[in-house]
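All remarks here apply to the structure that follows.
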Amino acid sequence: MNTKKFDNRNTLVVAHRGVSGLERENTASAFVAAGNRSYFGVETDVYRTNDGHFVINHDGNLQRIAGENVAVEGLSWDTLKQVVLYDTDGTKGRYDLRLANLENYITICKKYEKVCVLELKSVFTEEETASFIDLIRNLGWLEHVIFISFHYEDLERVRAILPDQPCQFLTGDNSDALIEKLRADRMDIDIIYTALTEERVRAMHAAGLKVNCWTVDDPATCETLAGWGVDFITTNICEGLHDLA
C-alpha cells in the first residue's frame with residue numbers, strides 16, 4: 001500500500017496525523033513516513049498530561065487507538081509512554097507503536113525539514129502556552145510551526161507571545177463575518193473541505209487569508225480543490241506530485 005498521488009499544482013500538502021493512511025496515526029512511524037515523502041507539512045494534535053508534559057493524541061482518550069478507556073490528560077507521561085497502540089490492522093504486535101510527545105514530533109519534523117502543523121487540543125493556560133513555545137524554540141524549529149485550533153483563545157494566547165506566528169482557526173464556518181474577524185486578527189483558516197466552493201475560496205483570498213482544508217482523501221477531490229487555489233490540503237493518504245517545500 002502506498003499514498004494516492006494527485007496533481008497538487010501550487011497547493012501545499014499536509015500529512016494528517018502523519019501518513020495516517022499507512023501507519024498508526026500520530027506515532028513516530030507515521031511522522032517518519034511523511035518525512036520520507038514529498039509532504040510540505042505534518043499535522044498532529046497535542047494535549048497536556050497531568051504532570052506538565054505535552055502528549056500527541058487526537059481523541060484525548062486511548063480507547064480507539066489502544067483499547068484502554070483512559071483520558072490522556074488524567075495520566076502522567078511516564079504512564080502514557082508505556083501503552084502499546086494498535087497497528088492499522090488492529091493488532092498489537094509492534095511494540096514501537098506508542099504515544100509520541102511534543103519533543104518526538106518536533107525532532108522528527110526538524111530532521112526531515114517538514115513544517116509542523118500543530119493542533120492545540122487542550123484549552124491551554126498562558127503558562128502552558130509559554131511552556132510549549134519555549135520547548136519548540138529550544139529545539140530550534142519554532143519558525144517552522146503553524147499553530148491550529150478549534151479554540152480561538154488558544155490561538156490568541158499564542159499570538160500574545162508571538163504576534164507574527166502563523167495561526168489557522170479550525171472551523172466549518174465560511175461566513176463573511178468569520179472571514180472579516182480572521183482578517184482583522186491576521187489569522188488564516190483551516191476549514192472542512194465540504195464547506196468550500198471556488199467562490200468562497202476567492203472571498204477568503206480577497207481578505208488576505210490562507211486557506212487550509214481538511215480532511216481530503218480522494219485524489220480527484222484534491223485536484224478540484226487545488227484547481228480552486230486552496231493554499232493547503234490536509235490528507236490521510238493523498239500525496240502531491242509536486243514537491244513545493
Output the number of the condition that TYR105 fails; it satisfies all remaining conditions of (1) part of a loop (DSSP other than H, G, I, E, B); (2) over 18 Å from CYS222 (Cβ atoms).
(1)
Any chance you could count how many residues in segment 139-180 are touching a residue at least 40 places away in the same chain (Cβ under 8 Å) and basic (Lys, Arg)?
0
Report every pair of residues separated by at least 6 positions or lying on different chains whose Cβ atoms are under 9 Å apart, first residue within segment 190-216 and at positive phi, second surrounded by fewer than 17 Cβ atoms within 10 Å (Cβ to Cβ).
GLY208/ARG183; GLY208/ARG186
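Matching residues to (1) modelled with pLDDT of 95 or more; (2) in contact with a helix residue (DSSP H, G or I) (Cβ under 8 Å, 6 or more places away or on another chain):
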{"residue": "THR49", "(1), (2)": "yes, yes"}
{"residue": "HIS53", "(1), (2)": "yes, yes"}
{"residue": "GLY74", "(1), (2)": "yes, no"}
{"residue": "ASP78", "(1), (2)": "yes, no"}
{"residue": "VAL84", "(1), (2)": "yes, yes"}
{"residue": "GLY90", "(1), (2)": "yes, no"}
{"residue": "GLY93", "(1), (2)": "no, no"}
Among the residues in segment 215-227, are any surrounded by 20 or more Cβ atoms within 10 Å (Cβ to Cβ), outside any helix (DSSP H, G or I) and not β-branched (Val, Ile, Thr)?
no
Does at least one position in segment 95-109 carry a residue that is within 20 Å of the chain's Cα centre (by Cα), surrounded by fewer than 17 Cβ atoms within 10 Å (Cβ to Cβ) and not hydroxyl-bearing (Ser, Thr, Tyr)?
yes
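Okay, residues lined up against (1) small (Gly, Ala, Ser); (2) in contact with a Gly (Cβ under 9 Å, 6 or more places away or on another chain); (3) under 15 Å from VAL46 (Cα atoms):
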site	(1), (2), (3)
SER149	yes, no, yes
TYR152	no, no, no
ALA160	yes, no, no
ASP164	no, no, no
LEU170	no, no, yes
SER175	yes, no, no
ALA184	yes, no, no
ASP190	no, no, no
Which condition does PHE232 not pass, out of (1) within 19 Å of the chain's Cα centre (by Cα); (2) surrounded by fewer than 19 Cβ atoms within 10 Å (Cβ to Cβ); (3) at pLDDT 95 or above, if it passes all the others?
(2)
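Quick one: which helices (runs of 4 or more DSSP H) lie wholly within segment 1-102 and hold at least 1 residues that are more than 20 Å from TRP214 (Cβ to Cβ) and charged (D, E, K, R)? Don't jump to the end; show me each part of the working.
Working: elements: 28-35, 63-66, 77-80.
It comes to 77-80.
Considering segment 182-198 alone, what residues qualify as being part of a helix (DSSP H, G or I) and surrounded by fewer than 18 Cβ atoms within 10 Å (Cβ to Cβ)?
Residues of segment 182-198 that are part of a helix (DSSP H, G or I), as a first pass: 182-185, 193-195, 198.
The answer is ARG183, ALA184, ASP185, THR194, ALA195, GLU198.
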I'd like to verify a number: residues in segment 126-157 that are hydrophobic (A, V, I, L, M, F, W, C), under 18 Å from VAL55 (Cα atoms) and assigned to a helix (DSSP H, G or I), how many?
6
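On the given criteria, is VAL201 buried (at least 19 other Cβ atoms within 10 Å of the Cβ), modelled with pLDDT of 95 or more, part of a loop (DSSP other than H, G, I, E, B) and of a type outside the set (Gly, Ala, Ser)? Outline the logic, then answer.
Details: buried (at least 19 other Cβ atoms within 10 Å of the Cβ): yes; modelled with pLDDT of 95 or more: yes; part of a loop (DSSP other than H, G, I, E, B): no; of a type outside the set (Gly, Ala, Ser): yes.
Criteria not met by VAL201.
The values are calculated or read from the model by the stated rules, or taken from the named source; none is laboratory data. Given the structure is predicted, the values throughout are model-derived calculations rather than measurements. All Cβ positions, glycine included, derive from the backbone under ideal geometry; neighbour counts span all protein chains shown.
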